[in-house]
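Working notes, beginning with the structure itself.
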Amino acid sequence: MTMRNATPLAVCAAVAVIVSAATAGVAGQQNAEPYTPPTTAWGDPDLQGVWNNNTVVPLQRPDQVGDRETLSDEEVAQRRQASSDLLFAEREGDTGFYNEFWFEYGLDSNRTSLITQPADGKLPALTPNAQQRADELMAVRMRSTVAPDHYLELSAYDRCISRGLPGAMMPGFYNHNYHILQTPDYVALVVEMIHDARIIPLDGRGHAPAGIQQWLGDSRGRWEGNTLVVETTNFTDKVDERGLFIPTVFATGENLRLVERFTRVSEDVIDYRFTVEDPTVFTGEWTAAIPFNRFEGTLFEYACHEGNYALPNMLAGARVAEAEANPD
């Protein structure tokens, strides 16, 4: 966890100014001249800097809004308040989540979902095998929250290894900052949350052999006009989560093909979109759009578990509780 000097109040004060720019950029700036991004010394569009993608816009469109793609300003304010109440309202006998000081609301928009395709704003249905796996995983997770049998019952996120992809590129509750650096041959993308780092070659090389699998897959980038297109394959099956508890802990396993697009649409906004293709998990493709907004700051160390004592303590505590419940 890291500390920031920005409070929720300060973030909210910036929303009215910056969200209008983000919305105009993503919509294509219909009422303005097309934006021409700055370029690097070698002529590529310049995406460099520190960016933040936090928002309370949900991944999937809520049923109560029907087929609406956008909300009124009043409804956006109500959604933000509902998010605050859900996480931080006082409840008798409940110690609750982090207090609101630690939470980063980010920059809101009037969209009803991050998912843009399918048109209903919802994830495609899971395949039968994937649904069975999700049910089994849910049963394990529910048990492990009380008394885990083994450290492998806990997710890669719980163990501070990775959120996988596309999870590492999705918003959440804090630390969702991204530092992008470029050379003529590579784009480096450092993620503050769980200290993931991605090195993306631009030299046209092919993907690694299929047997070489990695936590964040094997990425290859190319420029299409002003857009950086990144295709990632070769994922490991050790990260298999689909937002069972935290919606933005999201990875589908070794058969995922992820296509990302980064387009700078204004001085302070990158239009970031990704498409998930995994026919072993979903019955169709899906795409999400998540604006990246310039962050005037730097990345901090993500000190997960403060020395990683949490997992052994959880396992030891579970064994003590079992022994006390079964003294014989």
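Brief remarks on what is shown
- Per-region count, the range 164-189, residues within 25 Å of Tyr309 (Cα to Cα), open to solvent by 10 Å² or more (accessible area, probe 1.4 Å) and of a type outside the set (Phe, Trp, Tyr): 1
- Selection from the range 297-328 of residues that are within 30 Å of Leu59 (Cβ to Cβ) and in contact (Cβ under 8 Å) with a residue 40 or more places away in the chain: Gly297, Thr298, Leu299, Phe300, Glu301, Tyr302, Ala303, Cys304, His305, Asn308, Leu311, Met314
- In the range 276-294, the residues that are open to solvent by less than 20 Å² (accessible area, probe 1.4 Å) and within 18 Å of Asp218 (Cβ to Cβ): Val276, Asp278
- Residue match in the range 106-113 (condition: buried (at least 20 other Cβ atoms within 10 Å of the Cβ), closer than 20 Å to Leu59 by Cα and out of contact with any strand residue (DSSP E or B) (no Cβ under 9 Å at 6 or more places or on another chain)): yes
- Checked against (1) surrounded by 19 or more Cβ atoms within 10 Å (Cβ to Cβ); (2) touching a helix residue (DSSP H, G or I) at 6+ places or on another chain (Cβ under 7 Å); (3) touching a residue at least 40 places away in the same chain (Cβ under 8 Å), Tyr151 passes all but a single condition, namely (1).
- Residue that is most open to solvent (accessible area, probe 1.4 Å), among those in the range 199-215 that are within 23 Å of the chain's Cα centre (by Cα) and within 21 Å of Gln48 (Cα to Cα): Ile199
- For the range 272-328, a residue qualifies if it is of a type in the set (S, T, N, Q), under 17 Å from the mean Cα position of the chain (by Cα) and within 28 Å of Arg133 (Cβ to Cβ), and the qualifying residues are Thr275, Thr287.
- Of all the listed residues (Arg143, Arg163), the sole one being in contact with a Phe, Trp or Tyr (Cβ under 6 Å, 6 or more places away or on another chain), charged (D, E, K, R) and within 26 Å of Leu315 (Cβ to Cβ) is Arg163.
- Subset of the range 39-91 [closer than 24 Å to Asp268 by Cβ, outside any loop (DSSP other than H, G, I, E, B), open to solvent by 50 Å² or more (accessible area, probe 1.4 Å) and out of contact with any Lys or Arg (no Cβ under 9 Å at 6 or more places or on another chain)]: Thr39, Asp73, Ala77
- Residue list for the range 114-136, restricted to those being over 16 Å from Thr280 (Cα atoms) and either open to solvent by 70 Å² or more (accessible area, probe 1.4 Å) or out of contact with any Lys or Arg (no Cβ under 7 Å at 6 or more places or on another chain) (or both): Leu114, Thr116, Gln117, Pro118, Ala119, Asp120, Glu136
The values are calculated or read from the model by the stated rules, or taken from the named source; none is laboratory data. This is a predicted model, so every value here is computed, not measured. Here the Cβ is made from the backbone with ideal geometry for all residues, glycine too, and neighbour counts use every protein chain on show. In case anyone asks, the SASA skips ligands and DNA or RNA and just uses the protein heavy atoms, side chains included. Shrake-Rupley method; radii C 1.70, N 1.55, O 1.52, S 1.80 Å.
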